[in-house]
Each structure stands twice: as C-alpha cells, then as structure tokens.
1. Counting residues that are modelled with pLDDT under 95, which helices (runs of 4 or more DSSP H) fully inside the range 361-452 reach at least 3?
2. Looking at (1) of a type in the set (D, E); (2) within 24 Å of the chain's Cα centre (by Cα); (3) modelled with pLDDT of 95 or more; (4) over 30 Å from A233 (Cβ atoms), find the lone condition where E283 falls short.
3. Go through the residues of the range 299-312 one by one and say whether even a single one is without any contact (Cβ under 8 Å) to a residue 24 or more places away in the chain, assigned to a loop (DSSP other than H, G, I, E, B), surrounded by fewer than 21 Cβ atoms within 10 Å (Cβ to Cβ) and among the polar types (S, T, N, Q).
4. Out of all the residues in the range 322-349, which are open to solvent by 20 Å² or more (accessible area, probe 1.4 Å) and modelled with pLDDT under 90?
5. Could you grab me the full set of residues in the range 467-502 that are part of a helix (DSSP H, G or I) and small (G, A, S)?
6. Restricting attention to the range 73-111, and to residues there that are of a type in the set (K, R), in a helix (DSSP H, G or I) and in contact (Cβ under 8 Å) with a residue 24 or more places away in the chain, which single residue is surrounded by the most Cβ atoms within 10 Å (Cβ to Cβ)?
7. Going by what's in this entry, would S59 be described as under 18 Å from I172 (Cα atoms), open to solvent by less than 30 Å² (accessible area, probe 1.4 Å), of a type in the set (S, T, Y) and part of a loop (DSSP other than H, G, I, E, B)?
8. I want to confirm something. Restricting to the range 195-250 and keeping residues that are in contact with a strand residue (DSSP E or B) (Cβ under 8 Å, 6 or more places away or on another chain) and among the basic types (K, R), which single residue is farthest from H356 (Cα to Cα)?
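The values are calculated or read from the model by the stated rules, or taken from the named source; none is laboratory data. Predicted, not measured: the structure shown is a model, and the values here were computed from it. Here the Cβ positions follow ideal geometry from the backbone for every residue, glycine too, while neighbour counts run over all protein chains shown. The accessibility values were calculated without ligands, DNA or RNA, using every heavy atom of the protein model including side chains. Shrake-Rupley method; radii C 1.70, N 1.55, O 1.52, S 1.80 Å.
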Amino acid sequence: MLTFSEQTRTASLMRMAEDRFDVLVIGGGITGVGIALDAAARGLSVALVEKDDFAAGTSGRSSRLVHGGLRYLEHGEFGLVRESLRERGILYRLAPHLVRPVPMYMLAGDLRRRAVYRAGLTAYEALAAGRNIGYHTSVSAARVAEAMPGLGGRSRGFRYFECQVDDARLTIEVARAAHAAGARLANHARVTGLLGDGRVTGATVTDEMTGQAFEVRARTVVNATGIWAERVAELADGSGGVHLRPSKGVHLVFAPGAVRTTAAVVAPSAAHDGRYIFIVPWEDQTYAGTTDTPYQGDLDTPAVGDADRDYILAAVAGLFPGVSDRDVVASWAGLRPLLSQDDAGDTTSSDLSRKHAVFTGPFGLYTITGGKLTTYRAMAEDLVDRVAADLGGVKGSGPCRTREIPLGLHGPAVAAVRLARDEVARLGLPPATAVRLVRRYGDDWRQAARLIGEDSSLGEPVADGLPVLGVEVALARSREMALTDEDVYVRRTRLTTLGLTPSAGSRRE
C-alpha cells in the first residue's frame, strides 16, 4: 500500500522548503491534484499545497455525478457535452470501483414531453461517440413504479445512464496517484504570498498545523484554487483578468426510507424555472440537489438557507408525497467558480457556461478556473500542455499520460470483488464487506482486510446502524493524509451525512 500520511506530508514540506520545482500548484481540489498528476507523469518536478484539505471546497460538495451535462444541450454547448461524455468514459475505465453506472429516470407522461426527452437523449448518446455507459430506453408506468415505490401517481418515462462517484474520494485517489508519480503534496498548507518581482517565482506558505512559514520556489506557479482564484491572482498585484460569478449549489440528505426509490430521478423544479433536481440513492439514504443561485457571501463557509431547502424539498415532495423537512438529516453547500462574462448582463448563473479557462500573467503564473468535476483531467491536460511548452526543453515535453494511469484499481472491479469475498469470508465477515472495501480502496482492499485480520474490531461499524467500518477511519490517517477529525468525518468517510459530527476544528493530538 502506498503510504500517504501525516509523515508523508512532513517529508514533502521539508522538500518544498529545500528544493526548487518546475511547477508549484496552489489548490488541492480535483483540478489541482489532476494537474499535479499530469505534470509529474510527464517528468516535471511538482509541489502542491492546499490551505485546507483535499476536496474541502467545491470538489467535495458536488452532486457526486460524473456526467455529460444533458441540460447543456439546451444552451447549444455541444462541444462541452462531447468533452464531458468522453471524459466520463475515460474515468469509468480508470477508476471502475469509484466511478459506477447509475440508472437515471426522467418521467414523461404526455406525448410532447416524451418527444422532447427522446430527441435530447438520442442526441446526447450520439455525442458520446461510442463511449456510452448504456442506452436510453422507454419504460412503462409499471416499471417506473417498481423502481420508485414511493412515487405519487403513475407515469411513464425514460431510463438512461450516468456515473456516480464520491467526489472527495476521487480527489484523494488522484492525489495519491500524483504522489506515486513523484509529486510532493501537502494539505493544510496555506499560501500567504507570491514570490518574485514582475515574475512569479514561487510562494510563501504557512503550515496550518504548526504555524511555521517557509518559501517554495518554482519555475512556474499554477493557481488552481477554483472559487478562490481571484484572491490568489490578486496576490500577484492584479486579478490577471480573472473574474468569477460564484454560484451556490445546495444538496439535502434524507433519512433512510424517507424517499422510496431504488433509482436516481431527474425531477423538474417546482418553481417552473426550467431547472431540474437530481434525486439520487446513496448508501441507504437519498440526497437531492442542486440549486444554482448567485452567491456573494463568505467563500469558505457557504450556508444552506431556508430558501435553498424549500426549493429542493418542493421538487422532492412533488414526486414523493409526504416527504418533509423533518426527513432531512444532513445537507451541504458548494460554490461553482463560474466565469463572469462581460456581456452577461442579467444572465442567471444557471445559464453561464461550465467551460474552463486558463489565464496567464504575471509571467510565471497560470490561473485555471471554471470547468466541472467530470472534465478535470482534460482541464489539467490543457494547462500542463501550456506550461510544458513555455518551460521549453526536453523535460516535460512528452504527451499527456493520464488517459492510461489507473486511479486506485488495476483490472476489473468485478474480479477484485470476487477475490475480496473469499478473503472476507475467511475473516467471518459478510460478502457486502468485500464490495465495500473494493469500492473504497480498489487494489488496497487487501491491506484493509489485513488490518481487520490483525484487529477484528476494525471490521465492525463505527456506530450501530452505519455502514462505515473502523478500518476506514484507520486508513484515512495512514493512506489518505487525513490530519483532523473533520478530514476524516466529512470527506474520507462521509460520516457527517450519516449523523456523526466531529467537534469543530478538532485535530489529532
């Protein structure tokens, strides 16, 4: 098992303070770690620092879907849809244990809506160019009722497929792959200033765990901080042309059994504003979202407001009668780093493009923002292509390799589960444990099983009625560089969505 722990972080920080790197990446979200992996895989020396934790921002607060963006067809963004569908196929191949197909249902009782949905899904699948996860089919009202027993009324519809992923876990696997490729990464390491006069040559960094400040020197600096991109760019005496219009997306988590569905549903909003809400089963719960509203508050702590809750609840209750605010057990809010458009005027945030953009300047500084979870790998490839070309020389001049680098699992997930079942049976654990270990750790299910074999208590749930096992908490520290209880509870195990909450700001003693 590749060690990626507090000790790994300490060693990386020491090297950062001593060495000069080809690339310093600021930001440990999915885009930042994707860039670190791509650059390191091409032979560039790479350092990455993140002020909070990996996936602490937008990358850990998405709709947890790897999808092509069916609704982007309405805005004519065929290129973005094609790119997203291509990337969905690549991620499904690279991380089949994390990126898994999920059936999506669209209800359409009347002929006009059925014709519109059929045309849209046909075009969507054509743009996938053979990389489809599955093809759409018409489903009867009886089949819909079977998949969604809690649905109020009867309706025919369509079933198509997207992929589901734990966004924070995907971010961690990409970070680990970057580490394996030679990159030096550290979470809880905040950039407080940029070095250089007229040319950016590195950054001043403070270790948030110790308070110690040091300098990291690099030939190029990449600002991959997403929603914070403007603030980091301003450290170089100007925004560099980066102007964002943050948009808030909220999700609600419902108690087991509250929303009775075995499949994901694409539900029209009750506000009749043309938007849709995803209602998605997760573990033994269901979550629903998202909103898409302009945001001007604190970027670090976006809150779930009453209007956000009411908007989502109205859509869910419209399909599943009886669901109420009392059924909500958790929620999260994330911010999208949407690019402001000079001619946008009163354009709503839901109509702004999800394309990414790269800004350069001052010399030595690259800023990348916009985009979406699904396309992070393509975004990283675009950015590293530019950096490598500007650096010149043989080093880093090779082609992107990230289309072929597995993200935690070598080979089919089905084969890994088959092997894992034999091992967990030997340990006296149910077959479902094998599935869970493979889905969370890929090849490292063996190490998880070994730890359980050494301490049987690690094979037990951390609390009665919860699916999270003790071994998952242990591996969060040794395998995934979790330093604080919040790192463990919120992002590594998702225990906060299951009713367990750590004390605010608690840290490992």
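1. Values: elements: 376-391, 413-426, 431-441.
So the answer is 376-391.
2. Unmet for E283, out of (1) of a type in the set (D, E); (2) within 24 Å of the chain's Cα centre (by Cα); (3) modelled with pLDDT of 95 or more; (4) over 30 Å from A233 (Cβ atoms): (3).
3. Yes, the range 299-312 contains a residue that is without any contact (Cβ under 8 Å) to a residue 24 or more places away in the chain, assigned to a loop (DSSP other than H, G, I, E, B), surrounded by fewer than 21 Cβ atoms within 10 Å (Cβ to Cβ) and among the polar types (S, T, N, Q).
4. The initial filter retains those residues of the range 322-349 that are open to solvent by 20 Å² or more (accessible area, probe 1.4 Å), namely 322, 324-329, 331-332, 336, 339-343, 345-348.
L339, S340, Q341, D342, D343, G345, D346, T347, T348 - these are the residues of the range 322-349 that are open to solvent by 20 Å² or more (accessible area, probe 1.4 Å) and modelled with pLDDT under 90.
5. Just the residues of the range 467-502 that are part of a helix (DSSP H, G or I), to begin with: 470-478, 485-492, 495-498.
Passing the criteria: G470, A474, A476, S478.
6. R88
7. Details: under 18 Å from I172 (Cα atoms): yes; open to solvent by less than 30 Å² (accessible area, probe 1.4 Å): yes; of a type in the set (S, T, Y): yes; part of a loop (DSSP other than H, G, I, E, B): no.
When the stated conditions are applied, S59 does not pass them.
8. Restricting attention to the range 195-250, the residues satisfying the condition of being in contact with a strand residue (DSSP E or B) (Cβ under 8 Å, 6 or more places away or on another chain) are 195-196, 198-209, 212-227, 229-230, 232-233, 235-236, 240-250.
Checking which are among the basic types (K, R) leaves us with 199, 217, 219, 245, 248.
Details: R199: 24, R217: 27, R219: 24, R245: 13, K248: 18 Å.
So, considering only residues that are in contact with a strand residue (DSSP E or B) (Cβ under 8 Å, 6 or more places away or on another chain) and among the basic types (K, R), the one farthest from H356 (Cα to Cα) is R217.
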